[in-house]
1. Scan region 38-53 for residues that are more than 15 Å from Gly103 (Cα to Cα) and open to solvent by less than 80 Å² (accessible area, probe 1.4 Å) and jot them down.
2. Would it be correct to say that Gly103 is open to solvent by less than 30 Å² (accessible area, probe 1.4 Å), in contact (Cβ under 8 Å) with a residue 24 or more places away in the chain and farther than 25 Å from Ala5 by Cα?
3. Taking Ala62, is it out of contact with any Ser or Thr (no Cβ under 9 Å at 6 or more places or on another chain), surrounded by fewer than 16 Cβ atoms within 10 Å (Cβ to Cβ) and of a type in the set (A, V, I, L, M, F, W, C)?
4. Could you list all residues from region 81-100 that are surrounded by fewer than 22 Cβ atoms within 10 Å (Cβ to Cβ) and closer than 18 Å to Phe11 by Cβ?
5. Mind listing whichever residues of region 22-46 are under 21 Å from Pro79 (Cβ atoms) and assigned to a strand (DSSP E or B)?
6. State all residues of region 65-75 that are open to solvent by 50 Å² or more (accessible area, probe 1.4 Å) and of a type outside the set (Lys, Arg); if no residue qualifies, say none.
7. Can you tell which of Pro78, Pro10 is in a loop (DSSP other than H, G, I, E, B), loosely packed, with under 11 Cβ neighbours inside 10 Å and within 12 Å of the chain's Cα centre (by Cα)?
8. When you go through Ala67, Ala59 one by one, which is the residue that is at pLDDT 90 or above, in contact with a helix residue (DSSP H, G or I) (Cβ under 9 Å, 6 or more places away or on another chain) and aliphatic (A, V, I, L, M)?
Amino acid sequence: RIFVASRGYPFEVLVKLDQWTKVRDAGGEVAWVENKSLGDRRNAVVSVPVADIRALPDAGSAIVFEAYKQVLLELVEPPANGWVKVRHRDGQEGFARIAHLWGV
């Protein structure tokens with residue numbers, strides 16, 4: 001084992017085989033992971049000091065909450081027009097700029 005990732009940690013999939021997937025983490029490290037260890041839920045991590053999560057996919061929309069760097073967010077809907085709908089583990093939902101996340 002090279003490292004152990006916490007549950008929900010996002011990876012970029014590089015190669016997927018029958019039983020193994022080659023992935024890259026946010027730090028650029030590359031490793032192989034058994035497919036049975038990967039989940040179906042898509043997550044991303046905040047890559048800027050503070051990301052404003054808004055009610056609508058618009059910079060002028062009300063801020064629902066702020067997510068700080070390294071906070072894990074679940075991707076609720078596919079990205080569109082530079083935004084993606086996300087959910088915090090506490091249940092709050094809103095739209096984040098794709099540029100403020102790693103793993104989208």
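The values are calculated or read from the model by the stated rules, or taken from the named source; none is laboratory data. Since the model is a prediction, treat every value here as computed from it, not as a measurement. For neighbour counting, all protein chains shown are included, and Cβ atoms are generated from backbone atoms with ideal geometry for every residue, glycine included. The area values use the complete protein model at the heavy-atom level, side chains included, leaving out ligands, DNA and RNA. Shrake-Rupley method; radii C 1.70, N 1.55, O 1.52, S 1.80 Å.
1. Start the filter on region 38-53 by keeping residues that are more than 15 Å from Gly103 (Cα to Cα), which leaves 49-50, 52-53.
Val50, Asp52, Ile53, listed by residue number.
2. Values: open to solvent by less than 30 Å² (accessible area, probe 1.4 Å): yes; in contact (Cβ under 8 Å) with a residue 24 or more places away in the chain: yes; farther than 25 Å from Ala5 by Cα: no.
For Gly103, the condition - open to solvent by less than 30 Å² (accessible area, probe 1.4 Å), in contact (Cβ under 8 Å) with a residue 24 or more places away in the chain and farther than 25 Å from Ala5 by Cα - is not met.
3. Working: out of contact with any Ser or Thr (no Cβ under 9 Å at 6 or more places or on another chain): yes; surrounded by fewer than 16 Cβ atoms within 10 Å (Cβ to Cβ): yes; of a type in the set (A, V, I, L, M, F, W, C): yes.
So Ala62 fits the description; yes.
4. Ile98
5. To start, the set of residues in region 22-46 that are under 21 Å from Pro79 (Cβ atoms) comprises 23-26, 38-46.
Residues satisfying the conditions are Val23, Arg24, Asn43, Ala44, Val45, Val46.
6. Narrowing region 65-75 to residues open to solvent by 50 Å² or more (accessible area, probe 1.4 Å): 66, 68-70, 72.
Across region 65-75, the qualifying residues are Glu66, Tyr68, Gln70, Leu72.
7. Details: Pro10 fails: loosely packed, with under 11 Cβ neighbours inside 10 Å.
Step by step, each of Pro78, Pro10 is checked, and only Pro78 is in a loop (DSSP other than H, G, I, E, B), loosely packed, with under 11 Cβ neighbours inside 10 Å and within 12 Å of the chain's Cα centre (by Cα).
8. Details: Ala59 fails: in contact with a helix residue (DSSP H, G or I) (Cβ under 9 Å, 6 or more places away or on another chain).
Sole residue among the options that is at pLDDT 90 or above, in contact with a helix residue (DSSP H, G or I) (Cβ under 9 Å, 6 or more places away or on another chain) and aliphatic (A, V, I, L, M): Ala67.
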